[in-house]
Amino acid sequence: MIHCQICQSEGRPAKFRSSRLRICQWCITLLCEKPLDPNGVESRFHSLIDSHLATLTQDKDPRSYRHLAAQKITPPIQAGFFESIFNRALVNQRQHEYEEKIATQSNQLRNAEIAETKRQLPKLKADLIERALSRNNPPQFAVYGFQNRRSMKDVIEPTLVKYFNAVRFSILSGVNKSPRLEPEEWEWLRKKILHDDDYLCRICKEESQERHVHHIIPLSKFGSNHPHNLITLCYSCHNSVHPDINVTQHIR
């Protein structure tokens with residue numbers, strides 16, 4: 001089971017869990033480090049995906065299709081001993097024609113595969129994005145190092161996946177801090193979050209007379225006022241997640 005929807009980890013326990021979002025402490029710490037430009041994150045993510053898709057249509061070596069082409073072309077008549085000596089020009093011509101047919105067939109197979117790949121680009125892109133974001137068999141490319149040793153590297157680095165997921169869930173405000181909402185707007189949003197969370201603290205799961213709505217990514221750390229970034233906590237749990245400040249207690 002995926003415990004954190006930001007890093008897609010199955011091993012890290014979720015720090016906060018609601019019907020809107022599950023997130024672990026590691027991702028919270030990462031997202032609080034610096035402000036992120038949502039447009040920049042999305043642009044870099046899609047540019048890497050598009051670059052990888054381009055290699056699927058460009059890096060088609062005709063030589064890799066030679067074996068398939070050779071299966072479709074009838075080989076030349078095997079020259080006998082005397083023919084290979086006294087009629088070498090004819091034997092060479094046969095071999096030359098055979099190689100030309102293979103080259104032509106290889107190019108046809110290559111062009112057909114490129115055309116099919118281009119036709120399926122929208123589906124391929126959607127599949128690559130899903131695999132990258134879910135971290136389930138993520139798209140990779142080969143890297144050649146010392147003595148031409150081959151290793152695989154992710155097309156989208158895991159940190160960028162976390163940033164992109166955070167942007168998708170709208171828990172970040174961007175490069176500018178989100179302002180605090182007007183009292184009437186905040187009260188409406190607060191009641192909505194409490195209702196969605198069944199009026200239960202999402203950490204201790206206990207009913208409490210005093211319920212707070214907590215910003216998972218604080219406004220001071222460029223968190224947003226989006227419902228995905230809000231969660232219901234009791235006073236005790238809310239106080240424990242803010243060890244540096246004393247949470248105001250008010251009975252509601």
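The values are calculated or read from the model by the stated rules, or taken from the named source; none is laboratory data. The structure presented is a predicted model; accordingly, all values stated were derived computationally and were not measured. Cβ coordinates were reconstructed from backbone atoms using ideal geometry, including for glycine residues, and neighbour counts include every protein chain displayed.
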- Query: Restricting attention to the stretch 174-183, does a residue exist that is of a type in the set (V, I, T), in contact with an Asp or Glu (Cβ under 6 Å, 6 or more places away or on another chain) and more than 20 Å from A54 (Cβ to Cβ)?
  - Reply: yes
- Message: Going residue by residue through the stretch 130-141, is there one that turns out to be part of a helix (DSSP H, G or I), in contact (Cβ under 8 Å) with a residue 24 or more places away in the chain and loosely packed, with under 12 Cβ neighbours inside 10 Å?
- Response: no
- Message: Return the residues of the stretch 168-181 that are among the charged types (D, E, K, R) and assigned to a loop (DSSP other than H, G, I, E, B); say none if nothing qualifies.
- Response: K177, R180
- Task: Name every residue in the stretch 211-252 that is at pLDDT 85 or above and part of a loop (DSSP other than H, G, I, E, B), in order of residue number.
- Result: I216, I217, P218, F222, S224, N225, H226, V241
- Message: Can you say whether L160 is farther than 19 Å from K15 by Cα and not in a loop (DSSP other than H, G, I, E, B), as far as the supplied structure shows?
- Response: yes
- Message: Being aliphatic (A, V, I, L, M), touching a residue at least 12 places away in the same chain (Cβ under 8 Å), within 29 Å of Q58 (Cα to Cα) and not in a loop (DSSP other than H, G, I, E, B) narrows it down to one residue among L189, L109; which is it?
- Response: L109
- Item | Among the residues listed as E207, E184, the single one being outside any loop (DSSP other than H, G, I, E, B), over 15 Å from I231 (Cβ atoms) and out of contact with any His (no Cβ under 9 Å at 6 or more places or on another chain) | E184
- Item | Test result for K118, assigned to a helix (DSSP H, G or I), surrounded by fewer than 14 Cβ atoms within 10 Å (Cβ to Cβ) and in contact (Cβ under 8 Å) with a residue 24 or more places away in the chain | yes
- Filtered residue count, the stretch 144-179, keeping only those that are in contact (Cβ under 8 Å) with a residue 40 or more places away in the chain and of a type in the set (D, E, K, R): 2
- Give the residue that is surrounded by the fewest Cβ atoms within 10 Å (Cβ to Cβ), with candidates limited to residues of the stretch 142-162 that are among the β-branched types (V, I, T) and closer than 19 Å to S43 by Cα. T159
- Message: For a quick check of your reading: which helices (runs of 4 or more DSSP H) sit entirely within the stretch 3-104 and have at least 1 residues that are surrounded by 14 or more Cβ atoms within 10 Å (Cβ to Cβ) and either within 25 Å of the chain's Cα centre (by Cα) or modelled with pLDDT of 80 or more (or both)?
- Response: 25-31, 38-58
- Item | Tally of residues being on the phi > 0 side of the Ramachandran plot and either crowded, with 17+ Cβ neighbours inside 10 Å or in contact (Cβ under 8 Å) with a residue 40 or more places away in the chain (or both) across the stretch 198-222 | 1
- Could you say which residue among A166, A142 is among the aliphatic types (A, V, I, L, M) and modelled with pLDDT of 95 or more? A166
